[in-house]
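Note sheet for the following structure.
Values in this text are rule-based calculations from the coordinates and carry no lab data. Just so we're clear, the structure is a prediction, and the values are computed from it rather than from any experiment. Neighbour counts run over all protein chains shown; Cβ positions are idealised from the backbone, glycine included.
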Amino acid sequence: MFKKLLSLVLMAVIIAGIFTNTANFVCAKSFRNNVEVESLVDRLYNVILDREPDEYELDYWYDSLVKRRNTAADFIFAIFEDDYYISLKKDNACFVNDLYRALFDREGAADEVAYFKVRLDAGISREYIIKDMIETVEFTNFCMDCSIERGSILEQLSVESYYNSHNYIVRLYNVALDRNPDYEGMLDWQKKLVNKDVTGAEAAYEFIFSDECVAKTVADEDFIKMLYKVMLDREADDDGIDTWVAALNAGNTREQLFAGFVNSQEFTDLCSDYGIARGNYLIGREIDPSKPMIALTFDDGPAEGTMRILEMLEQYNQAATFFVVGSNAKYYQDTLKKMEEIGCEIGNHTYNHPNLTNCAVATILEEISSTNEYIFNAVGHNATLIRPPYGAYNDIVKENVSVPLILWSVDTRDWATKSTTSTVNSVLTDAKDGSIVLMHDIHESTVDAACILIPELVDQGYELVTVSELAFYKGIELEPGGAYYSIK
Ligand code: NI
């Protein structure tokens, strides 16, 4: 692809060179000597805008095309986006015909027109059809022949991701709302998705929790089937339905189920295939984004004292992240539920706390999945983050985790000092906006420190947030397998 592009560019440069020489020579005779380009500009105005370009317009576009300040794609797109053309409200067949006449100076053959019309009728946007036509061999050759730069619109998009994000939105309309998308609405969603202005999770939430959808998924099973269809693009299997029904019966909310789907590997993979941002679904807490933020994190629990930290967080409406080990998580299911309930985040700290850089891949996967099982049992979804024991990771670890790796920027060394005062002082001295603070809730001295720190930091004007909230409010997309020490 790159080679092809390069040779195209080279060829264009050579042709441009030849042309420039000729241009100097013929300059005296004619102001606009590139007849093809002049007639392209002329044709676009006549065919699309039903009028001649005025002198200024002709000069402007002719010049910017010949001097390569604009590409042919820029020009064509500008004309098709003109308010006048849009006000004509041409139907799909007319639109395709206009494109053929404007770009190729000919009528489209019946099968050519039919090909594009089918796509348009199925809801593919006009933007995309213009892109498709610009990128045809016929138009590419035309641009090379008259030595202008063809260009493209929607450069950042692969064709595939465009279609996929399109299909995703159509599915949201069809399945969640039981109706076909309206053209404007769909185009708007699609643009926002491909530009990453909204995430896959945000789009899904808007549809799934809309009044229209809530009204038609009164039964839990219908709700679950709909989540599978919309978010994973497949039918629910019986095991899946059983698991999620059990999670709801155990007191999980539909929002928590939704969070589980968002965090699933399958949805993560699907969004990455679609070339859209997956995003995160945070079970709502009121956060003032203008305040400085600190993410307190607690490793190796849950333990007896964890509940005390949670109660303190709840009292002050703050949150923290708990990187739990599976060997403790299995005994503290209620503590995990409490974390989820008050908006804390649960990370995975492996089952046996090994140094993962010394582990075989199978062991790494087993350490993570067995811990996730206990987290899932309690809260209905897997851990959203992982903290490798000892902060030790390498490329193999990064390649085999499906969530972000979270390290820390403030090490309280609470496990070594076992001193409440020293732990408190460490945080008050070193933590600042964007810090990720490492502590261990298995030590009573740390629990005591947390109970002093939470009110104190709130008093100092900080928001105590989870790691995902910190990333969200700082505008950072945490990548699976990426390693993060602080988030600013
Ligand atoms: Ni640890």
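The GluC sites (Glu not before Pro) found in the range 239-318 that occupy coil by DSSP, while having at most 12 further C-beta atoms within 10 Å, are Glu286.
Helix 306-315 and the longest principal axis of the C-alpha atoms of the chain enclose an angle of approximately 60°. In the structure shown, the pairs Lys225/Lys337; Lys191/Lys229; Lys117/Lys192; Lys196/Lys398; Lys225/Lys488 are assessed against 27 Å; a Cα-Cα span above that value is assigned to Lys225/Lys488.
Annotation for the range 440-488: chymotrypsin sites (Phe, Trp or Tyr not before Pro) lying in DSSP loop with at most 14 further Cβ atoms inside 10 Å of their Cβ are Tyr485. Entry note, the chain: the mean residue ellipticity at 222 nm calculated from DSSP H runs of n ≥ 4, each adding -39500 (n - 2.57), is -16500 deg cm²/dmol after division by the residues and rounding to the nearest 500.
Each residue in Phe209, Phe298 was given a count of other beta-carbon atoms within 10 angstrom of its own, and listing them fewest first yields Phe209, Phe298. Take the alpha carbon gyration tensor of the range 391-488, find the square roots of its eigenvalues, order them as a ≥ b ≥ c, and report rounded if a/c is under 1.5; if not, report prolate when a/b exceeds b/c, else oblate. The shape class here is oblate.
What's the long-distance tail for the chain, i.e. % of Cα pairs beyond 41 Å?
On the way: 46086 of 118828 pairs.
Tail of P(r) above 41 Å: 39 percent of Cα pairs.
When Tyr128, Tyr56 are arranged by Cβ crowding within 10 Å, least crowded first, meaning fewest neighbours, the order is Tyr56, Tyr128. The string of couplings for the range 234-248 from the Karplus curve (6.51, -1.76, 1.60, θ = phi - 60°) is 7, 6, 6, 8, 4, 4, x, 4, 4, 4, 6, 4, 4, 4, 5 Hz, one whole number per residue in order, with x for Gly and Pro. Given R0 = 35 Å, the distance between the Cβ atoms of Glu55 and Ala483 translates into a calculated FRET efficiency of 0.05. Computed from Cα atoms, the angle from the helix 35-49 axis to the main principal axis of the chain rounds to 70 degrees. Counting only alpha carbon atoms, the long axis of helix 110-121 and the longest principal axis of the chain meet at about 30°. Taking only alpha carbon atoms, the range 335-391 gives an Rg to Rh ratio of 1.01, where Rh is the Kirkwood radius.
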